[in-house]
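These notes concern the structure reproduced below.
The values are calculated or read from the model by the stated rules, or taken from the named source; none is laboratory data. Everything quoted here is computed from the prediction, not taken from an experiment. Here the Cβ positions follow ideal geometry from the backbone for every residue, glycine too, while neighbour counts run over all protein chains shown. Only protein heavy atoms, including side chains, enter the accessible area calculation; ligands, DNA and RNA are left aside. Shrake-Rupley method; radii C 1.70, N 1.55, O 1.52, S 1.80 Å.
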Amino acid sequence: MNSSGGRFVLFLLSLLCFAEAHARNQGVHQKSTQVQPDSAKIQEEFKERQAKINRIVTAIEEENYKEAIRIATALIPGAKTSKDTVALRDAYKLVSQAYHFTGDIPKRDHYHRLHQELASAFGVHFDELLQFPKSSNPTIADRMRYIFDEIQILEDEEGSYSLEQVMGNAAASKFTSNFTIPPGEKLYGTRNLDPAIYGSIEPIFNQDAVYWARLKLTGSANQQSTFFLHPGIFWGASWEIIDLFVVSGNDSVERFHFGLSVPANKKYFKYNQNYFEVSLSAGESKTIFLRLEGSRKEKLSVWRPDHIGLVSNDINAQQDRNGYYFIRDSISHVHDYSLPRRLNHILSGLNFIAAPSYNAYEVQDVIARWNEFNPSFPYQLIGHDTAAYYWGKLSIINTARFAGEHSFLMPEQWDDIEIYIPNEDGSYTTYYSGNNLRPSKKTIPSQFNIFRVRALEGDTVLVYFKFKSNRVFLGALTSLNKFEVFHFYEAQLWKDRFEQSIWVILVIGALFIQLLYYFILFFINREKSYFYLTFFFFGLFLASLNSANIAYWFQSNQVIQLIGISFTFYGLFRFSESILTWDEEKGWVKTWIKRINQVIHYGLILLATSFTAYAFYRYYFDAIDYSNENPFKLLNVPIWFIGGALVVLLIQAVYASFKRKKFAHFFLVFYVVLLASSVALAPVGLKLLGGGIAGAS
């Protein structure tokens, strides 16, 4: 709680408490002006209680938990007397949290239970969700809120309950408060959507059972409102089949069917994720029942639900909704490292169908029979074997004033792409692209798979395309997942690419000169140390060229990357052996150094060959799926082995320098500088690797 992120989420909590209290107070004031002569007093007491709530938040932020408990316990009796549900609810929540950090578990659980009972009875009020940080342009993350304590759940182990049974008195008493995250730091972080908590929760609910979730929703006090909700924190970590029942005050029931395994043309809500909408009139309350079946159980934690909860978002901020991508006047989403830097991810406006072969269908046949093929949204394909051939459909509505060409980008995991852009006369303009094509063979010559769409304001454009699926890269140039398309600013891409390429080409050029220099020295002198340095710089040159993505046949290819890294470490290791001259040592030092070096020597050769073979197999025969954890875990083996070898080599370099061996001081300085630069660049590499995951989630 003493981090900057903790202070921010506590500020948000304080803001939400005040906003809801203000909205409720406004309603109290409007009613009381007609029948209550002391409305000013009620309003003043209300403000005093909210000031105390803010003081509790500040005390917890400053880790003054005893003061937080003192203020909360003094506030609770007055809130009960005044029937101030908002203040009482928030006081229970905060005092439970304070008791947790003092170690008083019984009192923590007592107030947590009181909080959940009150929260579930009070439900979620729309006005409470609309309070964003003071910003001229709040981001989507700023607009998100998490709903957990207000939800009550019922386990349906056999999946046999009907809505009538669930709404009946017998089942109603079986609903429990939401227990799927126990009280503690993980619950407090999840409530505030803290990224540090994501994926760290072990599921404690029965993943094989059907669950019913019950939640009361209340609309805005002054206008019609639409709740925009998603079961689960991660977009791909949700349930395969979901039935939503919306019960109004007159007991009328509306039913909606969707889920990650429900075909796109049969999902009621046309979203790639499991987002759903509930509309309410001003001040109206409704109760929703969610029947959750088929909890995803993928190996990678971000692709499986680890508890039951709902994310609330602002529907007006969504550019990708109702089965369409809406082009707007600006693109606000930014990536720090991967290209393009400014972009929008398109997922809900995108559908796919698998094809038996590349030329199995003609474009006119695909257009006429699209719904017959049961198209899928991108996240519905996660967790399934990748087909060899696909057709895709991109649905666009231009709401921007700009009436020129809009640029879109396709993944690097696609070969032989043919894109069909509709013309006014009903014909199609065909774009050709794909990672297996030279830039000169593409309609838009570049390393990127780009196409352009011309659309006037208000135009609806349906783009069809086919491609051959090749592989999934661990760190691709654009950080796209396999089933995704970007909308981006093309002029900015070329500017960013040019600025990036200058430095990349300089580095690669310097490595090539070093490689050539040591090769010439070896050719002239036949000295082994020069030969090993040639290996070292060749590996760096190959890995850097592959990561730079400046040549179409080197685009973050895992096989080439592993070969380059293997050459680098093998060359470094053998160079150290040749220059530190361990043969001059005597006794057990010489024996153990030789034994350790032999293990490292053969270990590096084994890792290089086995992982190159593994990557080659994955590259050509069995594509990696983003929900599959194994490829990432397998890479831990060479990372830990090479890391251990680096430590051993550092110890040897320090020992050799201490023994004043010839060139040992120079090697130690060179080696320390090499390690320091690698550590300094590690965060950049991790962010580039993480981009694919983030884009996929």
Two decimals is fine: what's Rg over Rh for segment 148-289, C-alpha atoms, Kirkwood radius as Rh? 0.95
For Lys186, the accessible surface traced by a 1.4 Å probe with all protein chains present amounts, in square angstrom to the nearest 10, to 90
Two pseudo-spin positions, 7 Å from Cα along C-beta at Arg454 and at Thr430, lie apart in nanometres by 2.0
Which length gain, in nm to one decimal place, applies between Ala317 and Ser200 when the Cα-Cα distance is subtracted from 0.36 nm times their residue separation? 39.3 nm
Cα-Cα pairs of segment 242-285 separated by more than 12 Å (percent): 61
With labels modelled as points extended 7 Å from the Cα through the Cβ direction, what inter-label distance (nm, one decimal) is found for Trp503 paired with Val673? 1.9
Sites Glu67 and Ser285, calculated FRET efficiency, Cβ-Cβ separation with R0 45 Å, nearest 0.05: 0.80
Quarter of the surface of the C-alpha convex hull for segment 181-264, i.e. direction-averaged projected area in nm², equals 8.0
Rg(Cα) of segment 331-391 divided by 2.2 N^0.38 Å? 1.44
So for the pair Leu650, Phe402, with labels modelled 7 Å out along Cα→Cβ, what separation do we get in nm? 4.8
Once fully extended, how much extra length lies between Asn525 and His110, figured as 0.36 nm per residue of separation less the alpha-carbon to alpha-carbon distance? 141.4 nm
May I have the pair-distance distribution P(r) for segment 376-425, computed from all Cα-Cα distances with 5 Å bins from 0 and rounded to whole percent? 4, 10, 23, 23, 16, 12, 8, 4, 0
Could you give the radius of gyration (one decimal) and Dmax (whole number) of the Cα atoms in segment 494-533, in Å? 14.9, 46
Shape descriptors of segment 327-458 over alpha-carbon atoms, Rg and Dmax in angstrom, are 15.5, 41
Keeping all protein chains in position, work out how much accessible area Met167 exposes to a 1.4 Å probe, and write it in Å² to the nearest 10. 80
Within a Cβ distance under 13 Å of His487, other residues only, what is the Lys/Arg minus Asp/Glu net charge? -2
Return the Rg/Rh value of segment 402-476, two decimal places, where both radii are evaluated on C-alpha atoms and Rh is the Kirkwood radius. 1.01
